[in-house]
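Participant: First the structure, which I've put down as structure tokens, then a few questions once you've had a look.
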Amino acid sequence: MTDDVHFYRPDEGHGLRHDPFKAIVAPRVIGWISSRDADGRVNLAPYSFFGAFAAFPYIIGFSSEGYKDSIRNIEATGEFVWNLSNRELAERMNRTSAPVGHDVDEFELAGLTKAPGRNVDVPHVAESPAALECKLLQIVRLKNLDGEPMNNWLALGQVVGVHIRREFLKDGLFDTAAARPIMRAGYRGDYAEIGEMFEMIRPTA
């Protein structure tokens, strides 16, 4: 170990002003998840831990710190939708993170329009550049190295429907730069917008 590297074991503390983990694993696409409970009430909430895990078929997932409404709803109905959050929708997305009651409709709270699902009975954000309708594959309660259950639940879903606003399709391609997706990018209030893009083709040999 050299002096120019700061090393720590997470269980012993990081020794810094703030935990750097979320700043290191960044940027992260936001899991802006809409769901519906068994009684038809709609929920919309953003999640910091989100990703795509397979392409054949499409599989996406998000992790919830705590057994929150999204996990409860998805477990009950087996459906959810991921909505792309962009710079234009950033403030309204942030409003949907408010700790409100189960009976509060976050679409209405944030002034967003519900667009009906095609293959799921869950609405998506009409203003979003793109949305992915999903059927639940599994919900996994995470465990630590000692096999102890954590207060974290991972929901994995298979994409069964894709919505793309036509203004973001250019020459048959989804225009990511024009969509201006935003991402979590550091500490408590840090977000990033996609910047300069470059192309790099994978080697064939």
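Participant: So Ile71 fits all but one of (1) β-branched (Val, Ile, Thr); (2) farther than 18 Å from Phe49 by Cα; (3) assigned to a helix (DSSP H, G or I); what number is the exception?
Facilitator: Ile71 satisfies all of (1) β-branched (Val, Ile, Thr); (2) farther than 18 Å from Phe49 by Cα; (3) assigned to a helix (DSSP H, G or I) except (2).
Participant: Does any residue in region 39-54 that is outside any strand (DSSP E or B) come within less than 9 Å, Cβ to Cβ, of a residue that is among the aliphatic types (A, V, I, L, M) and buried (at least 18 other Cβ atoms within 10 Å of the Cβ) six or more places away or on a different chain, and which pairs are these?
Facilitator: Ser48/Ile30
Listed here are the residues, each with its yes/no results for (1) surrounded by 15 or more Cβ atoms within 10 Å (Cβ to Cβ); (2) β-branched (Val, Ile, Thr); (3) touching a helix residue (DSSP H, G or I) at 6+ places or on another chain (Cβ under 9 Å).
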residue	(1), (2), (3)
Cys134	yes, no, yes
Gln138	no, no, no
Arg141	no, no, no
Val160	yes, yes, no
Tyr191	yes, no, yes
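Participant: From the set of residues in region 55-87 that are without any contact (Cβ under 8 Å) to a residue 40 or more places away in the chain and under 15 Å from Val120 (Cβ atoms), which is surrounded by the fewest Cβ atoms within 10 Å (Cβ to Cβ)?
Facilitator: Ranking the candidates gives Ala76 first.
Participant: Right, Glu133: on the phi < 0 side of the Ramachandran plot, assigned to a strand (DSSP E or B) and charged (D, E, K, R) or not?
Facilitator: On the way: on the phi < 0 side of the Ramachandran plot: yes; assigned to a strand (DSSP E or B): yes; charged (D, E, K, R): yes.
Judged against the criteria, Glu133 is a match.
Participant: Residues to consider are Phe62, Phe56; find the one that is aromatic (Phe, Trp, Tyr) and at pLDDT 95 or above.
Facilitator: Of Phe62, Phe56, the one residue that is aromatic (Phe, Trp, Tyr) and at pLDDT 95 or above is Phe62.
Participant: Could we say that Asp39 is exposed (fewer than 11 other Cβ atoms within 10 Å of the Cβ) and under 24 Å from Phe107 (Cβ atoms) here?
Facilitator: For Asp39, the condition - exposed (fewer than 11 other Cβ atoms within 10 Å of the Cβ) and under 24 Å from Phe107 (Cβ atoms) - is met.
Participant: Out of everything in region 1-24 that is closer than 29 Å to Val81 by Cβ and touching a Phe, Trp or Tyr at 6+ places or on another chain (Cβ under 9 Å), what residue ends up being surrounded by the most Cβ atoms within 10 Å (Cβ to Cβ)?
Facilitator: Lys22
Participant: Test each condition in (1) within 18 Å of Leu89 (Cβ to Cβ); (2) surrounded by 10 or more Cβ atoms within 10 Å (Cβ to Cβ) for Arg166 and report the one that comes out false.
Facilitator: Every listed condition holds for Arg166 apart from (2).
Participant: While we're on this one: Could you check how many residues of region 21-38 are part of a strand (DSSP E or B) and either of a type in the set (Lys, Arg) or within 10 Å of Met183 (Cα to Cα) (or both)? Full working, then the answer.
Facilitator: Here is the first cut: in region 21-38, the residues part of a strand (DSSP E or B) are 28-29, 31-36.
Those left that are additionally either of a type in the set (Lys, Arg) or within 10 Å of Met183 (Cα to Cα) (or both): 28-29, 31, 36.
Total meeting the criteria: 4.
Participant: On to the next question. Do the conditions hold for Ala115, that is, is it touching a residue at least 40 places away in the same chain (Cβ under 8 Å), in contact with an Asp or Glu (Cβ under 8 Å, 6 or more places away or on another chain) and under 23 Å from Val160 (Cβ atoms)? Please lay out each step first, then the result.
Facilitator: Values: touching a residue at least 40 places away in the same chain (Cβ under 8 Å): yes; in contact with an Asp or Glu (Cβ under 8 Å, 6 or more places away or on another chain): no; under 23 Å from Val160 (Cβ atoms): yes.
Spelling it out, it is not the case that Ala115 is touching a residue at least 40 places away in the same chain (Cβ under 8 Å), in contact with an Asp or Glu (Cβ under 8 Å, 6 or more places away or on another chain) and under 23 Å from Val160 (Cβ atoms).
Participant: Name the residue, out of Gly51, Gly101, Gly78, that is at pLDDT below 95 and out of contact with any helix residue (DSSP H, G or I) (no Cβ under 8 Å at 6 or more places or on another chain).
Facilitator: Values: Gly51 fails: at pLDDT below 95; Gly78 fails: at pLDDT below 95.
Only one candidate qualifies: Gly101.
The values are calculated or read from the model by the stated rules, or taken from the named source; none is laboratory data. Please read all numbers here as calculations on a predicted model, not as lab measurements. In this analysis, Cβ positions are derived from the backbone assuming ideal geometry, glycine residues included, and neighbour counts consider all displayed protein chains.
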